[in-house]
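*Asks:* Before I ask anything, here is the structure I am working with.
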Amino acid sequence: MSKSQQEIISRHSLLWLLFANIAILIPLYDKLTPWSLAICGICLLWRLGIFIGKVAKPPRILVTFLALGSAVTLALITSKIGLLNGLINLLVLGYALKYIEMRERRDVRIVVLVGYFLIAFTFINQQSILFTALLSFITIINTCVLVSLYREGDKIKETAKMGTKLIFQSLPLALLLFIVLPKLPPLWLVPPDSSTTTGLSDQVSFGDIEKLTRSAALAFRADFGRAPPANHLLYWRALVMEDYDGKKWTQHESITDIEDDVPYTVPTRKKPTGSALDYSIIAEPSYQNWLFGLDVAFSNNNEIINLPDHRLYAKRSIDQQFQYKVNSYLTSPMDLMLHNKVKQINVNLPDRSNLKTRAFAAKLTQAYPNPMHRLNALMSYFNQETYFYTLTPPPVGPQQIDDFLFENKAGFCVHYASAFTFIARASGIPTRLVTGYQGGEWNEQAGYLSVYQYMAHAWAEAWIEGKGWVRFDPTAMIAPERVLEGFDAFFQPESSYLLNSPFSSLRLREFPLLNTLRVSFASLDYYWSVWVLGFDSSKQEQVLQKLLGKVTPEKLSLLMLLAIPVISLTIAFSAGILYFNRNKDPLTTKYLQVCGMLAGKGVSRRQGEGPIDYNKRVEFAVPAIASAFEQFTQYYVALKYQPLSKQTSEKLSKLYFILFKQIKAKLS
């Protein structure tokens, strides 16, 4: 075979490339621009046309034109889609264009390597156990392309079997390296992807929390190591809003400046004293920096900043699952002393806004001079008047607090928390709005809480002399079930978080058996997150100590020196390179077994007698099996001594073993 013939890509490889191309690109569809999707679709259809013989390979000038057009288009829109998405689209387009341009086997190898890179990138963004299983399957398909280059005569099933076998053979070495190699921080930073931010925002208006109640996405999971606190104590603090412009609440610039300076300075907050509630949290990717914790949260994690407003803030945006430990001092006060500047920030209101509410606050102040009594009276006011808690409140005008408080009298947690904060400020009490999550779904199998986006919540904090910042949640006065028992106790899932999530697994809650399976799978995914994705240096040390006792460089080196040869021998054995019993030839074993049975009938095989001569003697001595034994002998000679194709060999082997069983039955 000439060198040029050796470089021809077989149809077998082209078919596997079609499978791999589709499998690799589908999980990335949400990262691609319409232009990139169109180019990928054209390339795929063109390759399909080449495969079935309907079109020829595209001229190089056309491929070059498409590549230049794609690059220019991406350069123009990268500022809109973000640098990271721009780089992803560029890589995918290179993969797709190389796919139709390839002419030799070395081109196939390049496409396969880029395919592995795209699979790895998809894994960085999607690390759930379900997605990991899917990406492992795609990795096998991509490996099958390589296998097909070197085993052209194989059927699809045989190639798939070999590709799967190669991946499984690599697992022991991958497991060893996963356990032993040091857990180093990332060598580079992935550019932030602002287009995919999820969850809470750093500003909130009347409709923002309502939007989150339409989402069934997981926000984070919390593990207390035992049963969690009661639902009404689960206020997961995330953001503190101190500025109000009449339409929306935002963070004060004194806090946003600290957040912006986090890469350069580290703000310090004294650790609270007293008994602490210890737990760990696995936050889902939100591409934001704020984290979650119960009051008063403090973390010793080096990647987390303990902000002055008693929140937790990650140094990097959460673009992957992030596990951290928290100590919450539930009875510790927040800011017993408050600077006058901070007091002033938290009593500010927009001029000449919501005059009816201001008049109501003045009456309340006159009736209740004591701040604590006034706030308690305000809480009771929401309970005594005819207010309604709804996800679809009527719209409000420019004087939104007045409209809600005295006209509509219907709203969601942000409406009540905003009104409470406005009235308290108007009466001279420093008060601020807090957003986060309230409640959680308890998974009894794995012992953790799941907190979903639809559990987003807003409440107020007022500063009281001698008590510090105290939480007030007017929602508890309007809809106590929402706080005591959770979101589902008050709202119908079908009209809220399941409305836009037709395929959410939370729909299985209605069916006991399916719900048990859902919870079991969620538990499996949780363990995957804790022990695989969260396998940090601390867990690595725990595992190595169980294996080696005291961990030393000498013991680690010895472990590697012992493990690698064992793994290599195992791979060699499974690949057929290493045999432990070379004499155990199944063809000869079966033949000699029949000869032994014939010897029992008085027709012993003579020393040095060949199979054909022995067959002639058996034909006359045992006519009952003459025909079958003759065929059996012919198959044996052919399989042992004649050059056969793989397909013919497999066919004769099947017939040989069938005849063996028939002859054995007759001689028994």
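The values are calculated or read from the model by the stated rules, or taken from the named source; none is laboratory data. The structure displayed is predicted, hence computed values, not measured ones. Cβ: placed from backbone, ideal geometry, glycine included. Neighbour counts: every protein chain shown. Areas reflect the complete protein model, heavy atoms only, side chains present, ligands, DNA and RNA absent. Shrake-Rupley method; radii C 1.70, N 1.55, O 1.52, S 1.80 Å.
*Asks:* Can you list residue pairs whose Cβ atoms sit under 6 Å apart, with the first residue in region 361-386 being free of Cβ contacts under 8 Å to residues at least 40 places away in the same chain and the second being open to solvent by less than 50 Å² (accessible area, probe 1.4 Å) and aliphatic (A, V, I, L, M)? Count only pairs 6 or more apart in sequence or on different chains.
*Replies:* What qualifies is Tyr368/Ala377.
*Asks:* Cβ contacts < 8 Å: first residue over 11 Å from Lys664 (Cα atoms), restricted to region 591-606; second residue among the β-branched types (Val, Ile, Thr), any location; separation 6+ or different chain. Result?
*Replies:* Final answer for the pair search is Lys601/Val622; Val603/Val618; Val603/Val622.
*Asks:* Being part of a helix (DSSP H, G or I) and either modelled with pLDDT under 70 or open to solvent by 60 Å² or more (accessible area, probe 1.4 Å) (or both) narrows it down to one residue among Leu171, Leu187; which is it?
*Replies:* It is Leu171.
*Asks:* Next question, about the same structure. Give me the residue from region 527-551 that is surrounded by 11 or more Cβ atoms within 10 Å (Cβ to Cβ) and not in a helix (DSSP H, G or I) and, out of that set, nearest to the chain's Cα centre (by Cα).
*Replies:* Gly534
*Asks:* Considering only residues that are of a type in the set (A, V, I, L, M), in contact with a helix residue (DSSP H, G or I) (Cβ under 9 Å, 6 or more places away or on another chain) and outside any helix (DSSP H, G or I), which ones fall in region 38-55?
*Replies:* The one that is of a type in the set (A, V, I, L, M), in contact with a helix residue (DSSP H, G or I) (Cβ under 9 Å, 6 or more places away or on another chain) and outside any helix (DSSP H, G or I): Val55.
*Asks:* Now for a different question. Applying the selection to region 444-456, what residues are open to solvent by 10 Å² or more (accessible area, probe 1.4 Å) and part of a strand (DSSP E or B)?
*Replies:* Tyr452
*Asks:* Take the residues in region 552-593 that are open to solvent by less than 100 Å² (accessible area, probe 1.4 Å), within 30 Å of Lys661 (Cβ to Cβ) and among the charged types (D, E, K, R), then tell me which one is modelled with the highest pLDDT.
*Replies:* Lys590
*Asks:* Let me ask something additional. Please enumerate the residues belonging to region 497-518 that are open to solvent by 40 Å² or more (accessible area, probe 1.4 Å) and charged (D, E, K, R).
*Replies:* Within region 497-518, Arg507, Arg509, Glu510 meet the criteria.
*Asks:* From Gln607, Gln593, grab the single residue that is polar (S, T, N, Q), more than 60 Å from the chain's Cα centre (by Cα) and at negative phi.
*Replies:* Step by step, each of Gln607, Gln593 is checked, and only Gln607 is polar (S, T, N, Q), more than 60 Å from the chain's Cα centre (by Cα) and at negative phi.
*Asks:* Cβ-Cβ distance below 9 Å, separation of 6 or more or different chains: which pairs start in region 200-219 with a residue that is closer than 14 Å to Phe487 by Cα and end on one that is basic (Lys, Arg) and at pLDDT 75 or above?
*Replies:* Partner pairs satisfying both residue conditions: Ala216/Arg507.
*Asks:* Shifting gears a bit: Filter region 203-213 for residues that are modelled with pLDDT of 80 or more and surrounded by fewer than 17 Cβ atoms within 10 Å (Cβ to Cβ); which is farthest from Asp278 (Cα to Cα)?
*Replies:* So the residue we want is Ser205.
*Asks:* Mind listing whichever residues of region 460-492 are open to solvent by 10 Å² or more (accessible area, probe 1.4 Å), in a helix (DSSP H, G or I) and touching a residue at least 24 places away in the same chain (Cβ under 8 Å)?
*Replies:* Selection gives Ala476, Met477, Ile478, Leu484.
*Asks:* Next question, about the same structure. Give the residue, chosen from Ala563, Ala665, Ala626, Ala621, that is under 60 Å from the mean Cα position of the chain (by Cα) and free of Cβ contacts under 8 Å to residues at least 40 places away in the same chain.
*Replies:* Answer to the check: Ala665.
*Asks:* In region 392-437, which residue that is in a loop (DSSP other than H, G, I, E, B) and open to solvent by less than 10 Å² (accessible area, probe 1.4 Å) is modelled with the highest pLDDT?
*Replies:* In this case the residue turns out to be Ile429.
*Asks:* Ok, one more. Right, Asn354: closer than 28 Å to Phe422 by Cβ, in contact (Cβ under 8 Å) with a residue 40 or more places away in the chain and surrounded by fewer than 16 Cβ atoms within 10 Å (Cβ to Cβ) or not?
*Replies:* No: the conditions fail for Asn354.
*Asks:* So which residues in region 58-76 are part of a helix (DSSP H, G or I) and surrounded by fewer than 16 Cβ atoms within 10 Å (Cβ to Cβ)?
*Replies:* Residues of region 58-76 part of a helix (DSSP H, G or I): 60-76.
Passing the criteria: Arg60, Ile61, Leu62, Thr64, Phe65, Leu68, Gly69, Ala71, Val72, Ala75, Leu76.
*Asks:* Here is a further query. Kindly provide the set of residues from region 97-128 that are closer than 20 Å to Asp30 by Cβ, assigned to a helix (DSSP H, G or I) and open to solvent by 30 Å² or more (accessible area, probe 1.4 Å), ordered by number.
*Replies:* Answer for region 97-128, where residues must be closer than 20 Å to Asp30 by Cβ, assigned to a helix (DSSP H, G or I) and open to solvent by 30 Å² or more (accessible area, probe 1.4 Å): Val114, Phe117, Ala120, Phe121, Phe123, Ile124, Asn125.
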